[in-house]
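Encoded as structure tokens, the structure appears first; notes follow it.
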Amino acid sequence: MESCVYSWDKVSDLTTTEAKACLQAVIFAEDLRFREVSVESDALTVVNKFKSEELDRSTIGNTINEIKCKIQRFRYLAFKHIPGTANGVAYRLAVWGRQFDSPRFWVEEIPSEVGHLLSEDRNEG
């Protein structure tokens, strides 16, 4: 498992933010040379666009198409919709990550500052 947090300024809407987050997840996995990757998102519109074989001409089309160009570099790359109610850790992680000016990454572990978020999410779910 890998995770990262970014602070993005001047993002116009949540769909764009989610598409950029998925792109960053794919780039991160590619940099780590992972070959089997599953990206989870609570934005059904974004997930459906990844699964579509048509060229995307929407406002997030460039981001979607950039990710699609990277698919061949993986043995398995899937995009899964996770309902927002089941995505509490991701939401809390995003809020926590806003405090940083630069990205934060981790693989196979989580920072102690975030560990309690996972515990809270498990207790709620």
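Condition first: surrounded by fewer than 18 Cβ atoms within 10 Å (Cβ to Cβ) and of a type in the set (A, V, I, L, M, F, W, C). Now tell me which residues in the stretch 12-22 satisfy that.
14
So for the stretch 70-82 (the condition being in the same structural domain as residue 17 (by the TED database), within 20 Å of residue 15 (Cβ to Cβ) and over 14 Å from the mean Cα position of the chain (by Cα)), does at least one residue qualify?
Yes, because at least one residue in the stretch 70-82 is in the same structural domain as residue 17 (by the TED database), within 20 Å of residue 15 (Cβ to Cβ) and over 14 Å from the mean Cα position of the chain (by Cα).
When you check residue 62 against the structure, is it out of contact with any helix residue (DSSP H, G or I) (no Cβ under 6 Å at 6 or more places or on another chain), modelled with pLDDT under 75, among the polar types (S, T, N, Q) and closer than 25 Å to residue 35 by Cα, yes or no?
Criteria not met by residue 62.
Quick check, is residue 82 modelled with pLDDT of 75 or more and open to solvent by less than 50 Å² (accessible area, probe 1.4 Å)?
Judged against the criteria, residue 82 is a match.
For the stretch 56-66, which residues satisfy the criterion of being free of Cβ contacts under 8 Å to residues at least 40 places away in the same chain and open to solvent by 50 Å² or more (accessible area, probe 1.4 Å)?
Hits for the stretch 56-66 are 57, 62.
Any idea which residue in the stretch 23-54 is modelled with the highest pLDDT, counting only those that are open to solvent by 60 Å² or more (accessible area, probe 1.4 Å) and touching a helix residue (DSSP H, G or I) at 6+ places or on another chain (Cβ under 7 Å)?
Checking each candidate, the answer is 45.
Taking residue 102 as the residue in question, decide whether it is surrounded by fewer than 12 Cβ atoms within 10 Å (Cβ to Cβ), of a type outside the set (Val, Ile, Thr) and modelled with pLDDT under 95.
It is true that residue 102 is surrounded by fewer than 12 Cβ atoms within 10 Å (Cβ to Cβ), of a type outside the set (Val, Ile, Thr) and modelled with pLDDT under 95.
Does any residue of the stretch 67-79 turn out to be open to solvent by 60 Å² or more (accessible area, probe 1.4 Å), touching a helix residue (DSSP H, G or I) at 6+ places or on another chain (Cβ under 9 Å) and modelled with pLDDT of 70 or more?
Yes, the stretch 67-79 contains at least one residue that is open to solvent by 60 Å² or more (accessible area, probe 1.4 Å), touching a helix residue (DSSP H, G or I) at 6+ places or on another chain (Cβ under 9 Å) and modelled with pLDDT of 70 or more.
The values are calculated or read from the model by the stated rules, or taken from the named source; none is laboratory data. Please read all numbers here as calculations on a predicted model, not as lab measurements. Positions of Cβ are generated from backbone atoms using ideal geometry, with glycine treated the same way; all protein chains shown enter the neighbour counts. Heavy atoms of the whole protein, side chains included, go into the accessibility calculation; ligands, DNA and RNA do not. Shrake-Rupley method; radii C 1.70, N 1.55, O 1.52, S 1.80 Å.
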